[in-house]
1. Here is a check on your reading of the model: is residue 139 touching a residue at least 12 places away in the same chain (Cβ under 8 Å) and over 21 Å from the mean Cα position of the chain (by Cα)?
2. Can you tell me how many residues within segment 178-189 are touching a strand residue (DSSP E or B) at 6+ places or on another chain (Cβ under 8 Å), closer than 21 Å to residue 12 by Cα and part of a helix (DSSP H, G or I)?
3. Of everything in segment 39-67, what is among the aliphatic types (A, V, I, L, M) and either assigned to a loop (DSSP other than H, G, I, E, B) or over 15 Å from residue 15 (Cα atoms) (or both)? Give them in sequence order.
4. Looking at 59, 41, 119, which is the one that is small (Gly, Ala, Ser) and at pLDDT below 95?
5. Take residue 97 and decide whether it is assigned to a loop (DSSP other than H, G, I, E, B) and surrounded by fewer than 20 Cβ atoms within 10 Å (Cβ to Cβ).
6. Which ones in segment 163-199 are small (Gly, Ala, Ser) and modelled with pLDDT under 95?
7. List every residue pair whose Cβ atoms sit under 7 Å apart, with the two residues 6 or more apart in sequence or on different chains, where the first one lies in segment 1-12 and is within 18 Å of residue 197 (Cα to Cα) and the second, anywhere, is modelled with pLDDT of 60 or more and loosely packed, with under 12 Cβ neighbours inside 10 Å.
8. If you scan segment 140-176, which residues turn out to be among the hydroxyl-bearing types (Ser, Thr, Tyr) and within 15 Å of residue 82 (Cβ to Cβ)?
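The values are calculated or read from the model by the stated rules, or taken from the named source; none is laboratory data. Being a predicted model, the structure only gives us computed values, none of them experimental. Methodologically, a virtual Cβ is constructed for each residue, glycine included, from the backbone with ideal geometry; neighbour enumeration extends over all protein chains shown.
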Amino acid sequence: MVNAKIPLELKGKLILGSKSPRRSELLKILNIPFEIRTSEADEVSPPGLNDIETVSWVARQKSDALLTTLNSGEILLTADTEVWMDGIRYGKPKDIDDCQKMLSRLSGREHRVITSVWATDGKIWNNCSNLTLVTFENLPSKWIEWYVENYKPFDKAGGYGAQEWIGHIGIKSIEGSYDNVKGLPLRAVLEVLNPWMIS
């Protein structure tokens, strides 16, 4: 049994500003203790931003919404993940019909999955964005209908989870970070947390 201390320590207490179970699950892999703290943030971005700028803006809004809750010695981590194709933003579907339409549009096509991560202690701010290209097979409508009805992926950008049934049988290729498609690229997390890392 290995008892060696994992070489990832922070100068402060990590706060994850997300209620996503997938982000929490991924962050646990780093073996850095953290507390979950959430609030509602306006995810509307100003016009004129490109896809990466839009995702970064929303992730920063999530930090801003929790900034007043930060205590001395705490480091806040927030993230936003979005699906983009042909310059169109595919957020969380409103209902079954919206979800099925999203997946029908993504079927047989390549799309961009972008996650932007922010970290701050209220004084220092650090940001990193990650892009992954995902290509779907041509998805039969009965696959889409069955998946949406049984998995109800209404909390996921683009209306799907790569780690779920549709991802395993429907994704043709992934170019980039798989963790990014799941919602939290861990290399990006380490990059934004670098100012608080104990070397």
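1. Yes.
2. 3
3. Quick first cut of segment 39-67, residues among the aliphatic types (A, V, I, L, M) only: 41, 44, 49, 52, 55, 58-59, 65-67.
Once the filter is applied, which keeps residues that are among the aliphatic types (A, V, I, L, M) and either assigned to a loop (DSSP other than H, G, I, E, B) or over 15 Å from residue 15 (Cα atoms) (or both), segment 39-67 yields 41, 44, 49, 52, 55, 58.
4. 41
5. No, not satisfied.
6. 183, 199
7. Pairs found: 6/31; 8/31; 9/198; 10/198; 11/198; 12/73.
8. Taking segment 140-176 first, the residues among the hydroxyl-bearing types (Ser, Thr, Tyr) are 141, 147, 151, 160, 173.
Across segment 140-176, the qualifying residue is only 160.
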